[in-house]
Amino acid sequence: MVSSKVDRRAFLKYLGAGAIAVAGTAAGYYVASKQPVCASTETVVVTSQLAPSVAIQTLTRTITETESRLASLRDAADARGLLVGTAVEPNYFYDPPYPTILAREFNFATPENAMQWGTSNLSEGQWDFARADALVEFADRHDMKVKGHPLVWDKFQLPGWVNSDLSADELRHAMQERIQTLVGRYKGRVYAWDVVNEAVDDHNGLRKGLFFNKLGEGYVAEAFRHAHEADPDALLFYNDYGAEGLGGKSDRVYQLVKKLLGNGVPIHGVGLQMHVSAKDYPDPREISTNIRRLAALGLKVNISEMDVRIRDLTDSLPKRLEVQQQVYHDIIAACVQEEGFIAVTFWGFTDAHSWIDSWFGADDPLLFDENYKPKPAYWGVLEAILGE
Ligand code: XIL
C-alpha cells in the first residue's frame, strides 16, 4: 500500500486510459495496484483512505482505443517541469517494448554504457560512437534530453591503454582529448554531463584511483574546465553514490563541490546515484536536507541512477514489491518537493535488464518487470511525481 494520498482529480486525470469514476470519499484514494492495460478493458483496484473496511472497489470499464494510452511518468513529470529518466542501452532497441516504453515514460536519457571510455575509445585514437549516436538520435526523435555519462571515471570500463604506465602528461592529455572529443561531438544535443564520477572516497578524502594518483586532486577541476570549454551551454554534474542522505561521504561531496565553486570551477549540479536496498536506505528527510544544502550553493540536484533492491527482504514477493513501491515513493516524494531538484533517473526501467543481477545477485530492482509490465513501484513513482 502506498502511503501517499493521491488527489482524486489528479489520479483520474493521469490515469488516462480507463479513468475510473471511483465512488467513495472525496478525501482521496490510495492506488493499490493497476492491472496492465490491454486493448479493451482495464481494472483498477483502489481503496478508500477513510474507510479501510470498505471493500476494495474493483471497477472495470471498457475503454476505447483512443483512451488506451496509459498515463505516463513523462506526462506527470512534464506537468511539473521535472525530468524523469532512465539509463538507456541502445543494444535493446531491437526489442519493441523497450523503445516504446522508453519514449512513452521518459523525457530524459542517460547512456548506461554507450559513452563509457572503454566503449567509445577502446584503442588509442580509435573512436566508436555507434551506440552513443543511436541513443542521442533516439532522444532527438522523441524530444528527450540527454545526460552524457561518465566523462572521467577510473573505477570500471577504462580501455586497456589508459593505465598507470602512462605518464602524468600522457594521462592528462588523454583525459582532455576524451572530454573535448565526446562533449564536442554532441555539443548542443547533450543537455548535461556527469563530468566526474565517484571521485570521493567512501571513508576519507578523494578516492585514490588512477587519476588522483597520477594527476592529484586537481584532475577534478581540470575535467570540469575542459567540459565547459567544449560546450559552454551544457550543465556539468559531479556524480556519486552513498552520498544521498547525511553522513561522512555526503559531507565530503558537499565540501568538494563547495570548494570547486569557490575556485570558480564551472560545476552546475550534483547527481545522487541512489542505488539502495529496500532493507536499508537513506532517510528521505535527510535526503531533503542534503538537497537543500546543495541547492543553497546554487547547484541543481538529480537522482541519477536509482534502483531499489529487494533481495534482502524476507517477506513474500508481493509484500516485497509493496515495500519497494513505498521506498520509491517516499524517496522521490521527498526530493520533488525541493527547490533545485530537477530530475530523477532510474538505472534502467525493466528487471529484464538491470546491472544489479550481475553485480549484487538476482533481484527485481526496477519499475517494470521482465515482461515490461508496470510493477507496484511504477505506481509509487507516479504518485510521488503527481505529489500534492
Ligand atoms: C554500471 C552498468 O550498469 C553496468 O552495465 C556496467 O557493467 C558497470 O557499470 N555507477 C555508475 C554507473 O556510475 O556507470 C554504473 O553502471 C553503476 C554504478
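The values are calculated or read from the model by the stated rules, or taken from the named source; none is laboratory data. All values reported here derive from a predicted model rather than from experimental measurement. Quick reminder, even Gly has a Cβ in these numbers, built from the backbone with ideal geometry, and neighbours come from all protein chains shown. What goes into the accessible areas is simple: the full protein's heavy atoms, side chains included, and nothing from ligands, DNA or RNA. Shrake-Rupley method; radii C 1.70, N 1.55, O 1.52, S 1.80 Å.
Of all residues in the stretch 334-356, which are of a type in the set (Ser, Thr, Tyr), farther than 19 Å from LEU236 by Cα and out of contact with any helix residue (DSSP H, G or I) (no Cβ under 8 Å at 6 or more places or on another chain)?
Residue satisfying the conditions is SER354 alone.
I'd like to know if the stretch 379-388 contains one or more residues that are touching a helix residue (DSSP H, G or I) at 6+ places or on another chain (Cβ under 9 Å), within 16 Å of the ligand (Cβ to nearest atom), open to solvent by less than 30 Å² (accessible area, probe 1.4 Å) and in contact (Cβ under 8 Å) with a residue 24 or more places away in the chain.
no
Exactly one condition in (1) part of a strand (DSSP E or B); (2) closer than 20 Å to LEU82 by Cα is false for ALA295; which is it?
(1)
Return the residue satisfying two criteria in turn: it lies in the stretch 123-161 and is within 16 Å of the ligand (Cβ to nearest atom) and assigned to a helix (DSSP H, G or I), and of such residues it is most open to solvent (accessible area, probe 1.4 Å).
For the stretch 123-161, the residue satisfying everything is ARG131.
So THR289 clears everything in (1) within 16 Å of the ligand (Cβ to nearest atom); (2) surrounded by fewer than 19 Cβ atoms within 10 Å (Cβ to Cβ) except one condition, right? Which one?
(1)
What about SER316, is it out of contact with any Ser or Thr (no Cβ under 7 Å at 6 or more places or on another chain) and closer than 24 Å to ALA114 by Cβ?
The answer is no for SER316.
Quick test for you: out of LEU102, LEU70, LEU82, pick the one residue that is among the aliphatic types (A, V, I, L, M), at pLDDT below 95 and surrounded by 15 or more Cβ atoms within 10 Å (Cβ to Cβ).
Of LEU102, LEU70, LEU82, the one residue that is among the aliphatic types (A, V, I, L, M), at pLDDT below 95 and surrounded by 15 or more Cβ atoms within 10 Å (Cβ to Cβ) is LEU70.
Restricting the first residue to the stretch 336-351 and requiring it to be farther than 20 Å from ALA79 by Cβ and within 16 Å of the ligand (Cβ to nearest atom), which pairs with a second residue that is hydroxyl-bearing (Ser, Thr, Tyr) and part of a loop (DSSP other than H, G, I, E, B) meet a Cβ separation below 8 Å and a spacing of at least six or different chains?
TRP347/SER354; GLY348/SER354; THR350/TYR372
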